[in-house]
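Take a look at the structure below.
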């Protein structure tokens, strides 16, 4: 059988498994729909968190960006992993003690304000829609190449699959589907990396083989007139490397779809253990990604220099990807021997998906990578769609518009909102804002500017007030959103290219601008809080009791409120 047949079989089997798990995990209550009934075991929650976390950006795009950016691509590794550690150690246990359904729930309870809830819900929708655009775009990339279906149809198939298990099972269906998706994606990511490491260097451990790959790649790039692969600040200056890393880190700690995972476990102890398991599961992929990036870049440069532009264009994998429009063959022909121009003709999002073909691995491995990419994209998309649904149905409809709604009414609205969110997410996937990982980085900037300060100060500063939280979130989110839009060059129609309105903000580019929005949020929260009346004594006591260094029972926590 050929690659396409293997891909249909592999993707078909995994999708059937997701649908079956979603059907078996269907729920009939809002508690089951939003937080899986607080009944997910720690290790399962860790695997689901890892799948939720390792999105299409991690699986499809991150290694591609590292391959092309070299040293500067490490911002994604440092920012995303550092941010998860920050969330797991600093925030997750305290958020679990609050025992809420959503991040806006936490904001409303801590700041004693329904207006703050509304602002937080709008911010969650903004962040999640920006993030989900990258996931649905990743689904389209995988489908259009490996299953030979139009990009738009691929996005549509992904929408149907996600809608099925998310609408039926809510958080419970999503959680157990994500456990299966983690198993698929980690197997699909590590097996090709092991095969390539062994083929290139005779070492089956990618993390060990990278020590041999880097000197070879440095020499290869130097011989071609490029900066060595490990040269620092070749693509981003020191300021932007720092700002992007920090924005990704604090943005991670403010991502609503990751935070809500810690509400699904039974106890605070389970929240800590699920954080441990998630970090372990994440490390398996994140220590493999830089090795895979180096291997892919080595193969690309070797093939181009050995074969030349004409021979490179004749490679079967190049012709296959050219049909998707993600490799510009005309530009490669025009590039001649200009290696920089050649590299600019290749879409970064194809590197992981194309590497097995580049390395000449068997069709089953190629099909496995396709299934893994789809698993990564769908797992994160489902979590984000639930955040959007919960913000609209639980926080806005259930808490603000119709607080007297029955559990059944809230559940119906929640399912309807997921369907609406799926449709809008598909549209954003078809008309993406940039490379998958770039779009995701913008979402982290919005999360850093809106949620991180309000959560940190809400937990660790009793004096933080609702007025400070509202102004901080509004200004931080608005500033960051305007800056990101203004700094993005884009195509508005065929042949019509619009230059960015804003080049940079004091040298800081779009992917790192979230750090400025975060600082504005912190400054406004502190200033406005000090200028307004302190929170009620009941809220200050709640903050103290949440931070008390022992596990509180649910009854104790309820009494404290």
Between helix 466-486 and the chain: long-axis angle, C-alpha atoms, 0 to 90°, nearest 10: 20 degrees
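Compute the Cα gyration tensor for segment 296-337, then decide on rounded, prolate or oblate, letting a ≥ b ≥ c be the square roots of its eigenvalues: rounded whenever a/c is under 1.5, prolate when a/b is larger than b/c in the other cases, and oblate in all that remain. Don't jump to the answer; show the numbers that get you there.
Numbers: a/c = 1.74, a/b = 1.25, b/c = 1.39.
Here segment 296-337 falls in the oblate category.
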Using a Förster distance of 22 Å, the FRET efficiency for residue 276-residue 29 (Cβ separation, nearest 0.05): 0.15
Part-to-part distance (alpha-carbon centres) for segment 499-545 and segment 255-289, which is given in Å: 26 Å
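What FRET efficiency, computed as 1/(1 + (r/R0)^6) with R0 = 22 Å and r the Cβ-Cβ distance, is obtained for residue 315 and residue 430, rounded to the nearest 0.05? Present the calculation step by step, with values, prior to reporting the outcome.
Values: r = 29 Å, r/R0 = 1.31.
Between residue 315 and residue 430 the formula returns 0.15.
Divide by every residue of the chain the summed helix terms, -39500 (n - 2.57) for each DSSP H run of at least 4, and state the resulting mean residue ellipticity at 222 nm, rounded to the nearest 500 deg cm²/dmol.
On the way: 25 runs with 400 residues, N = 561.
The helix-only estimate for the chain comes to -23500 deg cm²/dmol at 222 nm.
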Spin-label proximity, residue 187 to segment 365-391 - amide N less than 19 Å from point 7 Å beyond Cα toward beta carbon: 365-380
Pair residue 13, residue 501: separation of 7 Å Cα→Cβ label points (nm): 5.2 nm
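Arranged from highest to lowest average of other beta-carbon atoms within 10 Å per residue, in what order do the peptides 470-481, 269-280, 442-453 appear?
Details: 470-481: 22.5, 269-280: 20.1, 442-453: 30.7.
Top of the packing list down: 442-453, 470-481, 269-280.
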FRET efficiency for residue 400 and residue 227, using Cβ-Cβ distance with R0 set to 56 Å, rounded to 0.05: 0.55
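Quick one: length gained pulling residue 302 to residue 152 fully straight, 0.36 nm per residue minus the C-alpha distance? Walk me through the intermediate numbers first.
On the way: separation 150, 0.36 × 150 = 54.00 nm, distance 3.38 nm.
That works out to 50.6 nm of additional length.
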Among 349-355, 219-225, 184-190, the order from most to least packed when residues are scored by Cβ within 10 Å on average: 349-355, 184-190, 219-225
Spin-label pair residue 112/residue 267, simplified geometry with 7 Å Cα→Cβ offset, distance in nm: 3.2 nm
Distance in nm between pseudo-label sites at residue 527 and residue 461 (7 Å out along the Cβ direction from Cα): 1.3 nm
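The numbers here are math on the coordinates, done by the rules we state, and not lab data. Small disclaimer: the values here were computed from a predicted structure and weren't measured. Don't worry about glycine lacking a Cβ; one is built from the backbone with ideal geometry, like all the others, and counts go over all protein chains shown.
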